[in-house]
1. Identify, by number, the condition in (1) over 18 Å from L105 (Cα atoms); (2) without any contact (Cβ under 8 Å) to a residue 60 or more places away in the chain; (3) not in a loop (DSSP other than H, G, I, E, B) that K16 doesn't meet.
2. Quick one: count up the residues across region 19-63 that are basic (K, R), closer than 23 Å to K78 by Cβ and not in a strand (DSSP E or B).
3. Report those strands (runs of 3 or more DSSP E) wholly inside region 135-238 carrying at least 2 residues which are among the hydroxyl-bearing types (S, T, Y) and touching an Asp or Glu at 6+ places or on another chain (Cβ under 8 Å).
Amino acid sequence: MLQFIIFDDNKLIREKVSKVITKLMLPTDIEYQTKEFSQYDKSFSQFIEKKGEKKIYILDIEVNSFSGLDVARKIREKDWESIIIILTAHYELAYDAFKNRLMLLDFISKFDNYEQNLYDVLKLALKASHVKKRFSFKFNRMAYKVDYDDILYIVKDTGKRNTVLKTYSKEYLLSLSLSEIMTMLPDNFIQTHRACIINKDNVKTIDFKENVITFVNNEKITMLSKTYKKEVKKYVFS
């Protein structure tokens, strides 16, 4: 589970930051939890020491007598993997913050459109945290979740009137149309045929003359049509 930790003594700020996190995470399939702290205490210290979970900290630089930089130092004594973002009304302290070499992702001013800036930085943090996103669907009253990274391609099986999702090791049947599925997929998925969608990150080679797509596991499909070829070339060579 991904943990977001907000450290700020201003309740209104904590609520606004929490709303930004909800806005970011709502469209995803990632399990997450948001924790709020108004002071550095024993429970916060114990949480820092807790291992086995991805963490993104949003720290105010000045909270009572214990600053966000002090907390960042405590975090780095135990943990160099978690992401730390500093949110503050004292932007003039940015240089000192980065000079401390605490591997801060960013330093955001509360006076400069901070909610949008925080949203943008959290999007980067989400990518940097390497949390796997999953494609969720139901078929025959069963719910499935498949990592996007594991998907090779999705094809329409006209004979069975179903859609087939192919991963490295399994096949799944879906009752959704390709057009419906496309709206649920990230940008690394492209349509190569009216009956086929591929994960371009898992493509090894594309033979545009023979219309053969070879995936990283050496599986081949001939699902590249003239209609989509120009668009596919644009993605491949961009």
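Readers should treat all values here as calculations from the given coordinates under stated rules, not as data from a laboratory. Predicted model, so just to flag it, every value in this text is computed and none were measured. Reconstructed Cβ throughout: ideal geometry from the backbone, glycine too, with neighbour counts over all protein chains shown.
1. It is condition (2) that K16 fails.
2. Just the residues of region 19-63 that are basic (K, R), to begin with: 19, 23, 35, 42, 50-51, 54-55.
Filter once more, keeping what is closer than 23 Å to K78 by Cβ: 35, 42, 50-51, 54-55.
Among the residues that remain, those that are also not in a strand (DSSP E or B) are: 42, 50-51.
Matching residues across region 19-63 total 3.
3. Ranges flagged: 162-167.
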